[in-house]
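Down below is the structure, laid out as structure tokens.
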Amino acid sequence: MVSHSELRKLFCSADAVCFDVDSTVIREEGIDELARLCGVEDAVAEMTQRAMGGAVPFRAALTERLALIQPSREQVQRLIAERPPHLTPGIRELVSRLQERNVQVFLISGGFRSIVEHVASKLNIPATNVFANRLKFYFNGEYAGFDETQPTAESGGKGKVIKLLKEKFHFKKIVMIGDGATDMEACPPADGFIGFGGNVIRQQVKDNAQWYITDFVELLRELEE
């Protein structure tokens, strides 16, 4: 386990930084927003809380919530058009600063690729640096499940993606940043984890993260010292 000061040094010398998306890079939980659009928000929000707290295996929670929402392709497109996700204050500047330093920035999400790619485009992150779940639709646009072969579709999926990135790009130091239990579990294989509580505080993460922040300004400041 790296100490707080080692983690600060690690962040400043990382060759890749991976961000969770829901409640980290953006203020909302994408799946809850989709549920709201489809009129089943209360039941789904409760399931999301249980999943984020680590009480339910991720894939089971995802399957259960999507079965309830049954989002069509048109509803997903409407969500992006009418209720686009809001970027967390400071994230645009932080990503841009990391990119100026030639740090590779990745988005690793248990959310949905169509929404995450929209967020990535706002941050100038290439779609090839996005790892998220793919929704499947029938030819008429109705919900047909999700791609269960994606590593992000199961518990421990974020760690699998980081392992893959290390093998493919030979990164020496990867830092994972996120608000939830699934983000913290990705370290190891990530070399360091920074907990983020700027949108929602998850007690388990706050209590166990070596470095816990509530504002991205803190990380920007670190890079400028």
Report task. Taking 7 Å along the Cα-to-C-beta vector as the label spot, tell me the Ala67-Ile201 distance in nanometres, rounded to one decimal. Result -> 3.6 nm
Query raised in the report: When ligands, DNA and RNA are left out and all protein chains stay put, how many square angstrom of accessible area per residue does the chain have with a 1.4 Å probe?
Result: 46 Å²
Report task. Assuming a ≥ b ≥ c are the square roots of the Cα gyration tensor eigenvalues, decide whether segment 99-171 counts as rounded (a/c under 1.5), prolate (otherwise, with a/b larger than b/c) or oblate. Result -> oblate
Query raised in the report: Roughly how big is the chain's charge dipole about its Cα centre, with Cβ charges of +1 (Lys, Arg) and -1 (Asp, Glu), in debye to the nearest 20?
Result: 540 debye
Query raised in the report: Can you list, bin by bin at 10 Å, the percent of alpha carbon pairs in segment 122-225, starting at 0?
Result: 13, 34, 36, 13, 3, 0
Report summary line: Taking trypsin sites (Lys or Arg not before Pro) in a DSSP loop with at most 13 other Cβ atoms within 10 angstrom as exposed, one finds the longest site-free stretch of the chain at 1-100
Report task. Give me the angle, in degrees from 0 to 90, between the Cα long axis of helix 4-13 and the longest principal axis of the Cα atoms of the chain, rounded to the nearest 10. Result -> 80 degrees
Requested in this report: For an R0 of 22 angstrom, estimate the FRET efficiency from the Cβ-Cβ distance between Ala144 and Arg83 and round to the nearest 0.05.
Outcome: 0.45
Requested in this report: Report the semi-axes of the equivalent ellipsoid for segment 31-100 in whole Å, largest first, where each axis is √(5λ) for an eigenvalue λ of the Cα gyration tensor.
Outcome: 26, 18, 10
Requested in this report: Report, to the nearest whole %, how much of the accessible area of the chain belongs to carbon and sulfur atoms, 1.4 Å probe, protein only.
Outcome: 50 percent
**Report entry** Cα convex hull volume per residue for segment 1-123 (Å³)
**Finding:** 124 Å³
Query - Projected-area average for the chain over all orientations - Cα convex hull basis, square nanometres - result: 11.4 nm²
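The values are calculated or read from the model by the stated rules, or taken from the named source; none is laboratory data. Just so we're clear, the structure is a prediction, and the values are computed from it rather than from any experiment. Glycine gets a Cβ as well: all are built from the backbone with ideal geometry, and neighbour counts include every protein chain shown. These area figures cover heavy atoms from the full protein model, side chains too; ligands, DNA and RNA do not enter into them. Shrake-Rupley method; radii C 1.70, N 1.55, O 1.52, S 1.80 Å.
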